[in-house]
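Shown next, in structure tokens, is the structure this report addresses.
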Amino acid sequence: MQLGFKDIAGPLVSMFAACISIWFFVLSRRLSRRMADRSLNLEAHKMLLDVNRQLIADPRLWVFYDDHPICNDRELNDNSLQFRAKLEAFAYLQLNMFEIVLLEVPEPSTGEDRNPSSVWCDFYFDTLSRSSVMRSILERPNSARIYNTVLLTLYDQWKTGAAAALEQSAPSD
């Protein structure tokens, strides 16, 4: 039994159509992922703008950062319970922003090929380094129940790195 052109052309056209479908599936998946990453990045920046609005509305909130010069301004020093609650709420705002972003961003790149995820991780680590308020919240016993493991794992990594940096900078006996 001999196969004719029609017998061969039908399966070839079907296989070609299947290959094109697979190609478009791959392209649409890549585009969808890029759009989702871009959308997350835009939303993250909107949250960051909200943090900035809070700092503009009440400059005393800059005491959130231990090394900010406003910490030394006696006129702006406010130890009232109401302000301390506001400062803690500001810390929770920042932690919630980091939690959302760090949970959803792609894996950070290492080395010189930094991606937006690397920048967010570095921003989180910098904030941890500069804010004892944020660290105190993360050290509370209930933080493991209210924050995701990604945020807490990165906090543990930061603590390990901070401890190592302190050991290196300590004078040797």
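The values are calculated or read from the model by the stated rules, or taken from the named source; none is laboratory data. These figures come from a predicted structure and were not determined experimentally. For neighbour counting, all protein chains shown are included, and Cβ atoms are generated from backbone atoms with ideal geometry for every residue, glycine included.
Brief remarks on what is shown
- Test result for Asp67, in contact (Cβ under 8 Å) with a residue 60 or more places away in the chain and either of a type in the set (D, E, K, R) or not in a helix (DSSP H, G or I) (or both): yes
- For first residues located in segment 130-143 and surrounded by 18 or more Cβ atoms within 10 Å (Cβ to Cβ), partners that are of a type in the set (Phe, Trp, Tyr) and part of a loop (DSSP other than H, G, I, E, B) and lie 6+ apart or on another chain with Cβ distances below 7 Å form the pairs Ser131/Tyr65.
- Some residue of segment 50-59 being modelled with pLDDT under 90 and either assigned to a loop (DSSP other than H, G, I, E, B) or of a type in the set (Lys, Arg) (or both): no
- Sole residue being under 19 Å from Asn148 (Cβ atoms), among the acidic types (Asp, Glu) and surrounded by 14 or more Cβ atoms within 10 Å (Cβ to Cβ), chosen from Glu99, Glu107, Glu88: Glu99
- Once segment 157-173 is narrowed to residues that are exposed (fewer than 12 other Cβ atoms within 10 Å of the Cβ) and either part of a helix (DSSP H, G or I) or touching a helix residue (DSSP H, G or I) at 6+ places or on another chain (Cβ under 8 Å) (or both), the residue that is modelled with the highest pLDDT is Thr160.
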